[in-house]
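Since the structure comes first, as structure tokens, the remarks are kept for the end.
We did not get these values from a lab; they are worked out from the coordinates using the rules stated. As the structure is a computational prediction, the values presented were derived from the model and not from experiment. Because the Cβ atoms are built from the backbone with ideal geometry, glycine has one as well, and the counts that use them run over all protein chains shown.
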Amino acid sequence: MADLDADLAAKVQPEVPHAARIWNYWMGGKDNFQSDRAAGAAVAEVYPEIVVMARQSRRFLIRAVRHLAAEAGIRQFLDVGTGLPTMQNTHEVAQEVAPQTRVVYVDNDPMVLVHARALLVSATPEGVTTYLHADYHDPERILAEAAGTLDFREPVAVMFMGVLGYEPDLAVVRSIVGRVMAATAPGSHLVLWDGTDTSVAVAEGADRLVQSGGVPYVLRSPDDLAGCFAGLTMVEPGLVPITRWRPEDPAAESIDAYGAVARKP
């Protein structure tokens, strides 16, 4: 275990801005370095709404997972591209509703793996929480390894939460989502949100991220994102700004991030 920790630590590059750590900075977390804070601040300078987006994305996750566990009866979750653990992670929300829920987190970042091993443990004795070190470009590997924890003969909630913009080709994105959903049982759900090209300011923020040394992130239109739900039945209210998906505040403002929950017939 110590050798594994040393190997993982060697792969962490504090001087290079990293997506998961920048997001952690925007969310008010402490698991980031100066390079991440500098890149995050540069984006927020031209697009301050990014901080709102980061924090509202977690509120969307909480509402979606609670709906799936409490109303749709889902007891298995596959969270792909989980990022650094923060407050009210998927397993905590789901297992609060249904203690026996099984959750598999997936990410390809070594720093995320170190934190996940320490923090992403089941919130209940009956539940199961595990972590896979894998890249979403290899969905067959993810499915094969997740099958050690999840029973794909039963419904699973598959989650892609603000991560698919790291793949520039929309056809590849749709293929990844489609291949994962094809392996799930009827009654499974897809939860997906992503940043959208719905304002000039958000595009300027994306440009500033690249200028600051961050990995480019492709902003897509809501119509582009809608194509990821092909063959699925949208849960009301459909694909909307994440602040408006079953919000606690009916007067919630729109932001440049759209998301939805959809059911596999």
Phi to ³J(HN,Hα) by Karplus 6.51 cos²θ - 1.76 cosθ + 1.60 over the range 218-235, Hz, x for Gly, Pro: 7, 8, 10, 7, x, 5, 4, 5, 4, x, 6, 9, 4, x, 10, 9, 5, 8
Amide H contacts of M234 (H built 1.01 Å from N, under 5 Å, at least 5 apart or other chain): R263
Net charge of Cβ neighbours under 9 Å - reference E248; Lys, Arg +1; Asp, Glu -1: +2
Around L132: net Lys/Arg minus Asp/Glu count, Cβ-Cβ under 14 Å: -4
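Around R66, with a cut-off of 14 angstrom between Cβ atoms, what is the net charge of the other residues, counting Lys and Arg +1 and Asp and Glu -1?
Summing Lys and Arg as +1 and Asp and Glu as -1 gives +1.
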Mean Cα-pair separation over length for the range 170-265, i.e. relative contact order, pairs under 8 Å, 6 or more apart, %: 38
Correct option for mean projected area of the Cα convex hull in nm² [calculated from the coordinates] among (i) 24.1; (ii) 13.9; (iii) 13.2: (iii)
Contact order relative to length of the range 151-201, as percent, for alpha carbon pairs under 8 angstrom and 6 or more apart: 58
Debye equation applied to the C-alpha atoms of the range 93-230, log10 I(q)/I(0) at 0.11, 0.17 Å⁻¹: -0.48, -1.05
For S188, residues with placed amide H under 5 Å, excluding near neighbours: V156, K264
Taking the chain and dividing mean pair separation by its residue count, relative contact order in percent (alpha carbons under 8 Å, at least six apart): 18
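For the range 83-126, state which GluC sites (Glu not before Pro) are in a DSSP loop and have at most 15 other beta carbons lying within 10 Å of their beta carbon.
Passing sites in the range 83-126 are E126.
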